[in-house]
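Notes for the one structure printed next.
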Amino acid sequence: MTDFLDPFERMIAALFSPAAVRAAERGELDDRAWSELAASGFLDALVPEDAGGAGLSFADIVPLWLVLGRHAVPCPVGETMIARALLAQAGRAAPDGPIAIATQAPGAAGRVIGAALARHLLVEWEGNLYLAAVAGQAGATGELAASVRWHSETATPVGPIVAGGLRRAAAVLRAALIAGAADRLTTMTADYANERIQFGKPIGKQQALQQQLAVMAEDMVAARIAAHIGGAGSFPPALAAAATAKSVASSAAARVAAIAHAVHGAIGISEEYDLQLYTRRLQAWRLADGSESYWNRLLGAERLAAPSGSVDFVRTALAPA
């Protein structure tokens, strides 16, 4: 996996510096960045080899998504990986350009993460996939979501998918993005605490602050483990795996963002400081495709419907398929 991961991280770091991320938030994404991504072949990482892809497993792809979160990548790279894999499964050619993903009814407007920079939308409705051109209205500067409306009569039918499959795949993606951003924020916050001098010593020497940094690190690791659990089985993932990944990561996202800002103080919300690039995305990814409350309800219902005890349920429901 290192053969894929190291060059991918170097490429992402070079293409999406903080300055490039800010430019994308202003609507000035360099088209060369996407062209280089497409030429690298990583967008087809989940596509089977016999269909021209790299043939990586779902478990293999999660570390790549962690990288996207660690660098606050603004365009829908992970979403395009999912879309191209599902299109290949259906025997369909993928269109050029970024693809956003969503689950919403035809004719209904919905806020879709990454749609402000996407050319197409892969949408699930009533157990079927459709591919539509994006015709959305971007939100506030920096949000990178767009209000998207699609229509079944103008969209291209792709084929059936296991009910909820697209949302489950998206949930694991969001969990991995959260875990990657939390990793970066934990490092940034610990470094700042050790550099910021107050009353003659670094604030990181204060016991109360050390405890908060420990909580932050615990949440970061929990989100990472949850993301890997989500990707350990089939693609699209089982309900229990996706629900576990997203509920744990979304819950951690709120605490990680809060501690990061509490330690940094006023500088953390300034535009020129990188912290807000990550904490804003944590909040957006937390809510995208269902918050922790949404997935906890589904996970609870799945557990209550199972005839086995809780230990057996966890062992079987979260075991790789």
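Summary of values
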item	result
Subset of the range 180-204 (residues that are surrounded by fewer than 14 Cβ atoms within 10 Å (Cβ to Cβ) and either of a type outside the set (A, V, I, L, M, F, W, C) or at negative phi (or both))	187, 191, 194, 195, 197, 198, 200, 201
Residues (open to solvent by 10 Å² or more (accessible area, probe 1.4 Å) and either in a loop (DSSP other than H, G, I, E, B) or over 25 Å from residue 21 (Cβ atoms) (or both)) located in the range 99-116	103, 104, 105, 106, 107, 108, 109
Scope the range 158-176; condition over 17 Å from residue 123 (Cα atoms) and open to solvent by 10 Å² or more (accessible area, probe 1.4 Å); matching residues	none
Options 213, 177, 239: the member that is touching a Leu at 6+ places or on another chain (Cβ under 9 Å) and farther than 17 Å from residue 63 by Cα	239
Qualifying residue in the range 73-86 (condition: outside any helix (DSSP H, G or I), open to solvent by 20 Å² or more (accessible area, probe 1.4 Å) and not hydrophobic (A, V, I, L, M, F, W, C))	no
Enumeration of residues in the range 63-72 that are open to solvent by 10 Å² or more (accessible area, probe 1.4 Å) and assigned to a helix (DSSP H, G or I)	63, 66, 70
First in the range 1-28 and within 14 Å of residue 277 (Cβ to Cβ), second anywhere and assigned to a helix (DSSP H, G or I) and open to solvent by 30 Å² or more (accessible area, probe 1.4 Å), Cβ under 7 Å, 6 or more apart	24/117
Among the residues listed as 44, 6, the single one being under 21 Å from residue 231 (Cα atoms) and at pLDDT 95 or above	44
Selected residue (only one of 299, 304, 282 is of a type outside the set (D, E, K, R), assigned to a helix (DSSP H, G or I), within 19 Å of residue 72 (Cα to Cα) and out of contact with any His (no Cβ under 7 Å at 6 or more places or on another chain))	282
Matching option when the condition is aromatic (Phe, Trp, Tyr), in a helix (DSSP H, G or I) and either open to solvent by 50 Å² or more (accessible area, probe 1.4 Å) or at pLDDT below 95 (or both), among 235, 313	313
Some residue of the range 124-143 being at pLDDT 90 or above, on the phi > 0 side of the Ramachandran plot and either of a type in the set (A, V, I, L, M, F, W, C) or open to solvent by less than 30 Å² (accessible area, probe 1.4 Å) (or both)	yes
Selection count, the range 95-138, where residues are touching a residue at least 12 places away in the same chain (Cβ under 8 Å) and of a type in the set (Asp, Glu)	2
Contacts under 7 angstrom Cβ, first residue in the range 260-280 being within 19 Å of residue 67 (Cα to Cα), partner assigned to a loop (DSSP other than H, G, I, E, B) and of a type outside the set (A, V, I, L, M), 6 or more apart	280/142
Residues (open to solvent by 60 Å² or more (accessible area, probe 1.4 Å), in a helix (DSSP H, G or I) and under 22 Å from residue 181 (Cβ atoms)) located in the range 3-49	4, 6, 10, 14, 19
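To keep it simple, each residue is scored yes or no on (1) open to solvent by 60 Å² or more (accessible area, probe 1.4 Å); (2) over 15 Å from the mean Cα position of the chain (by Cα).
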site	(1), (2)
218	yes, yes
223	no, no
226	no, no
251	no, no
261	no, yes
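The values are calculated or read from the model by the stated rules, or taken from the named source; none is laboratory data. Keep in mind it's a predicted model, so treat the numbers as computed, not measured. Cβ: placed from backbone, ideal geometry, glycine included. Neighbour counts: every protein chain shown. These accessible areas exclude ligands, DNA and RNA; they are computed on the full protein's heavy atoms, side chains included. Shrake-Rupley method; radii C 1.70, N 1.55, O 1.52, S 1.80 Å.
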